[in-house]
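Peer 1: Below you'll find the structure I mean.
FYI, it's all coordinate maths here, none of it is from the lab. Only a predicted model underlies this, so the values are computations on that prediction, with no experimental measurement involved. Quick reminder, even Gly has a Cβ in these numbers, built from the backbone with ideal geometry, and neighbours come from all protein chains shown.
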Amino acid sequence: MVFKKFYSQSEATQKLERYCAYQERCHKEVVQKLHDMRIPPETIDLIVVHLIKANFLNEERFSQNFVRGKFNIKNWGHHRIIAELKQRGISKYNIRTALEEINEETYQKKFHALAEKKWDSLKEIDIQKRKRKLADYLIYRGWESEQVYDKINDLAKNSGP
């Protein structure tokens, strides 16, 4: 028989302070962690309020770090970033504010460099299949479909018959 540990409010608070100090967290992740620890709902509310007041938990800061990381490291576009933030329960205001972390010129440069690099790496001979693979790759990563198709047509035109 497996026994789960029961946490006092102060133990749970300390554990969550470390959890939030390790990396930025959104409210949804923290609440889920507390549920997994089998903390009662009224205690969860008290702990979350404490974490916010002590600045361990800040959704605006989380959103900004999330956007910078997913854009710079994972090469995600606006659509994927927005969808992931919405899934985490981030407010529209915080999403809008966080997206300002991405400079438009940098966004465009990254898109073009990513599309060109992927196009060059595709070994597909059939041009239609090659275009489809590039489109799937870029759209999955959240880049705007109109921009994707314009770039694909440009790459296909410049790569010759």
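Peer 1: Which distance in Å, rounded to a whole number, links the C-alpha centroids of the stretch 56-105 and the stretch 123-152?
Peer 2: Going from one Cα centre to the other spans 24 Å.
Peer 1: Take Glu144 and Gln23, extend 7 Å from each Cα along the Cα→Cβ direction, and tell me the distance between the two endpoints in nm.
Peer 2: Going by the 7 Å Cα→Cβ label model, 3.1 nm.
Peer 1: Excluding Ile127 itself, calculate the net charge of residues whose Cβ lies under 12 Å from the Cβ of Ile127, where each Lys or Arg counts +1 and each Asp or Glu counts -1. Working shown, then result.
Peer 2: On the way: positive: Lys129, Arg130, Lys131, Arg132, Lys133, Lys157; negative: Glu124, Asp126.
Net charge in that neighbourhood comes out at +4.
Peer 1: Can I ask one more? List the trypsin sites (Lys or Arg not before Pro) within the stretch 96-161 that fall in a DSSP loop (any state other than H, G, I, E or B) and whose Cβ has at most 16 other Cβ atoms within 10 Å.
Peer 2: Counting only loop positions with at most 16 other Cβ atoms within 10 Å, the trypsin sites (Lys or Arg not before Pro) in the stretch 96-161 are Lys123.
Peer 1: May I ask you to list the lysines whose Cα is less than 19 Å away from that of Lys157, ignoring any residue fewer than eight positions away on the same chain?
Peer 2: Lys117, Lys118, Lys123, Lys129, Lys131, Lys133
Peer 1: Let me ask something else. So how far apart, in nm, are the two label points at Glu100 and Lys15 if each is 7 Å from Cα heading toward Cβ?
Peer 2: Each label point is offset 7 Å from its Cα along the Cβ direction, giving 3.8 nm.
Peer 1: Follow-up. In debye to the nearest 20, how big a dipole does the stretch 46-90 give about its Cα centre with +1 on each Lys and Arg Cβ and -1 on each Asp and Glu Cβ? Could the numbers behind the result be given before it?
Peer 2: Numbers: 8 positive and 3 negative charges, 27 e Å.
About 120 debye.
Peer 1: If the cut-off is 24 Å between C-alpha atoms, which lysines fall inside it for Lys28, apart from same-chain ones fewer than 8 positions away?
Peer 2: The reachable lysines, counting only those whose Cα sits under 24 Å from Lys28, are Lys4, Lys5, Lys15, Lys53, Lys70, Lys74, Lys86, Lys92.
Peer 1: Relative contact order for the stretch 59-99 using alpha-carbon pairs under 8 Å, separation at least 6, rounded to a whole percent?
Peer 2: On the way: 24 pairs, mean separation 24.3, N = 41.
Taking the mean separation of contacting Cα pairs over the length of the stretch 59-99, I get 59 percent.
Peer 1: Given a Förster radius of 25 Å and the C-beta distance between Lys157 and Lys117 as r, what FRET efficiency does 1/(1 + (r/R0)^6) yield to the nearest 0.05?
Peer 2: 0.90
Peer 1: If you work out P(r) over Cα pairs in 5 Å bins from 0, in percent from the coordinates, which of (1) 1, 8, 15, 15, 12, 10, 9, 8, 7, 6, 4, 2, 1, 0; (2) 2, 9, 19, 23, 22, 16, 7, 2, 0; (3) 1, 8, 14, 17, 17, 15, 13, 8, 4, 2, 1 do you get?
Peer 2: Calculated P(r) over Cα pairs in 5 Å bins from 0, in percent: the matching label is (1).
Peer 1: Another question about this same structure. For the stretch 59-99, compute Rh as the Kirkwood radius over C-alpha pairs and then the Stokes-Einstein diffusion coefficient at 20 °C and 1.002 mPa s; write the answer in µm²/s, rounded to an integer.
Peer 2: D, rounded to a whole number, is 221 µm²/s.
Peer 1: Could you work out the relative contact order of the stretch 10-95? I mean the mean sequence separation of Cα pairs under 8 Å and 6+ apart, divided by the number of residues, in percent.
Peer 2: Details: 57 pairs, mean separation 28.4, N = 86.
It comes to 33 percent, rounded to a whole number.
Peer 1: Report the paramagnetic label zone for Lys92: residues of the stretch 135-161 whose backbone N is under 15 Å from a point 7 Å from Cα along the Cα-to-Cβ axis.
Peer 2: none
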